[in-house]
Amino acid sequence: MRKMIACAVAALLVGSVLYSGADARPQYKSEFEKKYPKVKAANKITCDACHVTGEKDKKKRNDYGTALAKAIGKNEKDKGKIDEALGKTEKEKSGTEGKTFGDLLEDGKLPGK
């Protein structure tokens with residue numbers, strides 16, 4: 001009985017070490033919604049704003065997410081730096097011909113393709 005308990009505890013410890021958990025960035029979503037109230041009003045903001053829709057691997061980003069990742073760098077937590085990166089990304093060309101990401105956001109549309 002002791003061996004079974006010891007094995008179960010060891011398995012739980014190993015499992016907890018190996019489990020990476022969710023890598024959500026709620027601070028990004030929060031700042032995005034504050035900066036773009038038109039987009040928030042017109043759309044449900046989900047991970048698909050930056051990531052490929054329907055893709056389970058969240059390392060795959062759409063064109064907007066890729067541009068934002070370049071501007072933001074690593075997992076940034078500073079709200080000012082996140083806002084600054086969102087502003088830089090607005091100026092980038094989007095997948096929509098003749099429009100920047102900022103143009104799409106101003107129209108209340110999600111910018112990613």
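The values are calculated or read from the model by the stated rules, or taken from the named source; none is laboratory data. Just so it is clear, the model here is predicted, and its values are computed rather than measured. Every residue, glycine among them, receives a Cβ derived from its backbone with ideal geometry; neighbour counts consider all protein chains shown.
A few remarks follow.
- The residues in region 69-91 that are under 22 Å from A42 (Cα atoms) and touching a strand residue (DSSP E or B) at 6+ places or on another chain (Cβ under 8 Å) can be counted, and the count is 2.
- Sole exception among (1) at pLDDT 90 or above; (2) under 13 Å from the mean Cα position of the chain (by Cα); (3) surrounded by fewer than 20 Cβ atoms within 10 Å (Cβ to Cβ) for T53, by number: (1)
- The residues of region 36-76 that are more than 21 Å from G95 (Cα to Cα) and part of a helix (DSSP H, G or I), listed by number, are P37, A41.
- Region 85-110: number of residues that are polar (S, T, N, Q) and in contact (Cβ under 8 Å) with a residue 24 or more places away in the chain: 2
- G112 satisfies every condition listed in (1) small (G, A, S); (2) part of a helix (DSSP H, G or I); (3) at pLDDT below 90 except (2).
- Residue, farthest from Y28 (Cα to Cα), within region 57-77, restricted to residues that are of a type in the set (D, E) and either in contact (Cβ under 8 Å) with a residue 24 or more places away in the chain or surrounded by 12 or more Cβ atoms within 10 Å (Cβ to Cβ) (or both): D63
- Test: residue in region 89-97 that is exposed (fewer than 15 other Cβ atoms within 10 Å of the Cβ) and within 16 Å of the chain's Cα centre (by Cα): no
- Across region 89-107, the qualifying residues are those that are in contact with a Gly (Cβ under 9 Å, 6 or more places away or on another chain) and outside any helix (DSSP H, G or I), and the one among them that is modelled with the lowest pLDDT is G95.
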